[in-house]
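Each reported figure results from applying straightforward, stated rules to the coordinates on display, with no laboratory input. No experiment lies behind these values; they were computed from the predicted model shown. Cβ sites come from the backbone with ideal geometry, for glycine too, and all protein chains shown count toward neighbours.
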Amino acid sequence: MNYPLISVLMPAYNAKKYIAQAIESILNQTFKDFEFIIVDDASTDNTWSIIQEYAKKDKRIVTLKNKINLKICKTLNRGIDIAQGTYIVRMDADDWSFPARIQEQYDYMKLHKKIVISGCSMIICDSNLNPYAIRNYPTEDCELRKAILRYSPFSHPTIIFNTKIAKKVGGYHKLYSEDIEFYLNLGRFGDFGNIKDALIKYREVPTSMTFTKLRITEMHTIQHRIMAIQKLGYSFSIIDLIYNMFHFISIFIIPPRLKILLFNKFRNKSL
């Protein structure tokens, strides 16, 4: 049996407004040898019917529908469990991938055999996909391992990771900051890396979890960092320790929306 080289994994929940653009951006990739796993997390709008319409037109689309809302971790894990590709490419239902995205990411992983997970830069857009900024990330393993103890070294919707290793660590475990814990677990089995190029358009939607659950997410992020020190072999420098102490204090004194504005000011570069 011939397995695809890539499994694209996209969770979806009440995404009727944007999901067609997201799906088409994957179907129009220059790289063709992939399966496209779309998992509907018990949407209450017509997201599922849109997914089904596309599945009828393209046999590469594999559809799953949760009977109840399982949230992001269990939804992603359902896709990881059935993925047959050598690598899994993440995609969000409200973003848009440039046509050469999968080809560039596959070539990068194939060239750098020790890397278990990598991402890329991204174009930040408004709700209509009008670009206004770019966010870059470190590219080397040593830089990324330092970054992960202070901020996320990858943009979650841009990542590609080794399927076997993802299954070995049991996929995602936590509801909040699930991405950081996932990266930390993967990093035990290989290197980190990033492509400098921007390969997706990231749609900022104010109602996303980034805005509504920031304090809870930050608390869990700090817990994951401590866990990484205690159980996974990562190590804090004095600067890391001081940074995380101030990060913890900031959770209680800086309003979430202000914190996101400050984060974007320092991390995003205007176009």
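For the chain, there are no membrane-span-like helices by this rule, meaning no whole DSSP H stretch whose C-alpha atoms cover at least 24 Å of axis and whose Kyte-Doolittle mean is 0.0 or above; this says nothing about an actual membrane.
Of the residues 161, 127, 98, the one whose Cα sits farthest toward the positive end of the charge dipole of segment 6-206, with +1 on the Cβ of Lys and Arg and -1 on the Cβ of Asp and Glu, is 161.
What's the local net charge at residue 85, with K and R +1, D and E -1, over the other residues with C-beta under 9 Å away? Neighbourhood net charge equals -2.
Taking a 26 Å limit on the Cα-Cα distance, which of the listed pairs 17/168; 146/265; 32/56; 74/213 fall beyond it? From 17/168; 146/265; 32/56; 74/213, over 26 Å: 17/168.
Length gained on full extension, residue 232 to residue 55: 59.7 nm, using 0.36 nm per residue less the C-alpha separation. Note on residue 132 and residue 164: the model spin-label points, each 7 Å out from Cα along the C-beta direction, lie 4.5 nm apart. Over what distance in Å are the Cα centres of segment 109-126 and segment 1-79 separated? After rounding, the separation between the Cα centres reads 20 Å. Residues whose amide H lies under 5 Å from that of residue 43, counting only those 5 or more places away or on a different chain, are 14; hydrogens are built 1.01 Å from N in the peptide plane.
Sorting 186, 70 by the number of Cβ atoms found within 10 Å of their own Cβ, with the fewest placed first, yields 70, 186.
Of 90, 203, 257, the residue with the greatest mean-square motion in the GNM of the chain, using alpha carbon springs below 10 Å, is 257. Using a Gaussian network model of the chain in which every pair of alpha carbons under 10 angstrom is joined by a spring, one finds that among 121, 250, 155 the greatest mean-square fluctuation is at 250.
Across segment 49-67, the residues whose backbone nitrogen lies under 20 Å from the label position 7 Å along the beta-carbon direction of residue 16 are 49-56, 64-67. Each DSSP beta bridge with both residues in the chain is either parallel or antiparallel, and the antiparallel ones are about 35%. Database remark: amide H of residue 194 closer than 5 angstrom to the amide H of 119 (H placed geometrically; neighbours at sequence offset of 5 or more, or on other chains; Pro and chain starts carry no H).
Couplings for segment 8-14, taken from phi via the Karplus curve 6.51 cos²θ - 1.76 cosθ + 1.60 with θ = phi - 60°, read 8, 10, 10, x, 9, 8, 6 Hz in order; Gly and Pro are left as x. Rounded to the nearest 20, the size of the Cβ-charge dipole of segment 1-108 about its Cα centre is 340 debye, with Lys and Arg at +1 and Asp and Glu at -1. Taking the fewest neighbouring Cβ atoms within 10 Å as the starting point, the ordered list for 219, 91 is 219, 91.
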